1. Give me the percent of Cα-Cα pairs in segment 427-498 that sit more than 20 Å apart, rounded to a whole number.
2. Of all alpha-carbon pairs in the chain, indicate the percentage at a distance above 38 angstrom.
3. Could you name the aspartates and glutamates in cross-link range of K565, using Cα to Cα under 15 Å and dropping any fewer than eight places away on the same chain?
4. Taking H placed 1.01 Å from N in the peptide plane, check which residues at least 5 places from S316 or on another chain put their amide H under 5 Å from its amide H.
5. Are there GluC sites (Glu not before Pro) in segment 497-597 that DSSP marks as loop and that have at most 11 other Cβ atoms within 10 Å, and which are they?
6. Dipole magnitude of the chain about its Cα centre, charges +1 at Lys/Arg Cβ and -1 at Asp/Glu Cβ only, in debye to the nearest 20?
7. Tell me, what is the FRET efficiency for E350 and H97 to the nearest 0.05, using R0 = 45 angstrom and their Cβ-Cβ distance as r?
8. Per residue of segment 456-463, in order, report the coupling 6.51 cos²θ - 1.76 cosθ + 1.60 (Karplus, θ = phi - 60°) as ³J(HN,Hα) in whole Hz, putting x for Gly and Pro.
Amino acid sequence: MRPSHRYSQETVRGILRMNRGGFGFVRRPGGADPDVYISRRHLGDAVHGDLVEISLRRGHDEQFPEGRIERVVERSAERLLGTVERSGRGLVLIPSHPLLPSHLSIFRAPDEIVPGLKVLFRFRADDLDKGVPRAEILEVLGDAGDPMIDARVVEREFDLPAAFPEDVLSEAAALADPAASEASVEALLGAEPEREDLRSLPTITIDPVDARDFDDAVGAEAVEGGFRLWVHIADVSHYVRPGTKIDGDAYGRGTSVYFSEAVVPMLPPRLSEELCSLRPREAKLAMTTCMDLSASGAVRGAEVFPSVIRSDHRLSYEEAQAILDGKRAVSPDLAALLERLASVARLLRERRFARGALDLDVPEAEVEVDRSGEPVALRRRASLFTHHLIEECMLAANEAVGRIADRERLPFIYRVHDAPDPERLEQFFAFLLALGIPPPREPEGLEATALEKVLERPMAPGIRRLVHSYLLRSMKKARYQPEDIGHYGLAARLYCHFTSPIRRYPDLVDHRIMKSLLAGRHGKAGLPGPDLESVAQQSSELEVRAEQAERGYHRVKAVRFARGKVGETFTGTVTGVIPAGAFVELDEFPLDGFIARATLGGYHRFDPAHFRLVATHGGGGLAVGDAVEVLIARADVEAREVDFELVTAARRRGPKLPMPGEKKAAGRRKGTGRREKRERTDPRRARPGKGKGKGKGKRKGGPRR
């Protein structure tokens, strides 16, 4: 590379991530600094996943830095996906990633390789250095058209550790159940005087209908001046000890990942589905948070301790809701317990929103598949009060434990959420104005209560989803760290994750710390294994990976579902507009697709100020928030893309916004669709897509707070 005064002589290293537009971004170490934009002409011979050394353009925008690749430090060892196809008399590999070469020759193709197979491959570094990339096949995943391999493909795509090592499985199989008999329970209670026997306490679990692991149970009773709430969490730390094979493997997994027909668990099934799972009518070890609440829902006192419980009933969210609605007859004791829990949840929820918490309503998409893996239903999950009931109990327990840890000055992992950047809020405010919704006045130092007032305004369902989704994307990502800085979205201080140790590693670590205090060992044993900073950082990164994988899986199934609807028409809402066209989410299904500008007919001008495409002759066009009728024209499972064609002209929603030179106002608005990341007027503002998909139903509903 020739020296240039335009670029700094100082270099930095990072991983190259390509974009569909042909350019790329280099992610710098630590993740604190913005990614560096690399134009197509400055990529050199680097490919997606390479570790590269770059120089920064002098005088660049600090928010959107530009650079060029000086050299490839290390070729990517990343495992990639592709499909084998015939070319003439030989075989070639077609990479799934749209930014890699369209065809690759195969290095020493195994005998079993035939056209139509989906495979995992990697580039041979020697070939890349010679400028002739070849693919080395690592694993055959199955027939590319078989929906049963979708979960496996996503697992490989995101490098998820699907299978447990044999030594981990052996260690789990050897674990004894101390609650298997009355005698063993009594022996445990005698050996652990801090553990309380709560088996006679009325207790229930409420989970998705297809859940296999139950990591929380609840109970409540009326007391003088208020309520007493019990939240029982599986005592995973009793079984998973620091330094064991199971613990090391769980640390590397970080979290469970859920698909419709499969799960990639953090813990082996022997633990997640048997020993630790709070199954009904079985004695189980738990960590219990007991909270005394006033008549207004204020937590007057709380304590945490190990226990032995026995869940009396296992209910699904739908069953519990039917009981509360009086549509299902049950015993008077169970009905009364549910009513008490509902009363507690209403009080907690009212207090939480009164202090400024955000009520972001972004329906979770879920897909139902048949035995062959083919999607048969695609829907937005119904929001039931029983979802909120469990959520409020878990949030209250997490806050109570965090306050105890702070009071006792324990080293702890907190769940934190920064306030949004003013620049992102300004973009959100402009979006609201385009929709005719008055925004708060100033983004600087804005309290969440001002944003909540916006969310409370009445909106049509499509517009409501659009506004709530846009605000969610404008927020920063919640993460783990040892220092508490508060949780903006929850309007909470000293908030932690304590209620899901079966599927989240930070919860397990906090359980160990709390039990160390309770056993009187705090300050002596310390925290075995990785330090809290390392646990927090890695767990945050692995959570992002899990979210991306779940979204990737859902997208594959959604596109398969759309393939069966090609040629049909549906109503939808425009969710994003860019120069190349518009993004639409259907009203009937949580399915989004793209309307190419070229299919609209005539010439349409992109109006970024009002977030719209405007027809230069005859009016019309498309804008965010418009209601449209579209035809599903194409569904490409390999590319995970759905194309729409506009059937009817958009029906404008909201007030009309004037545009210079127009005789009539033509209310146009903008939002951000998922695929808007592919193409923007300024490519520096595009970022590699970040990884919500419906899991096996085991994870509690709603966002990962």
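1. 37
2. Summing the P(r) tail past 38 Å for the chain gives 42 percent.
3. By straight Cα distance, K565 reaches E374, E585, D587, E588, D592, E629, D636, E641, D643, E645.
4. Amide H neighbours of S316: D207.
5. E568
6. Details: 110 positive and 107 negative charges, 569 e Å.
Its charge dipole is roughly 2740 debye.
7. 0.40
8. Here the 3J(HN,Hα) series is 6, 5, x, 9, 5, x, x, 5 Hz.
The values are calculated or read from the model by the stated rules, or taken from the named source; none is laboratory data. The structure displayed is predicted, hence computed values, not measured ones. Don't worry about glycine lacking a Cβ; one is built from the backbone with ideal geometry, like all the others, and counts go over all protein chains shown. Remember, those area values only see protein heavy atoms, side chains included, never the ligands or the DNA or RNA. Shrake-Rupley method; radii C 1.70, N 1.55, O 1.52, S 1.80 Å.
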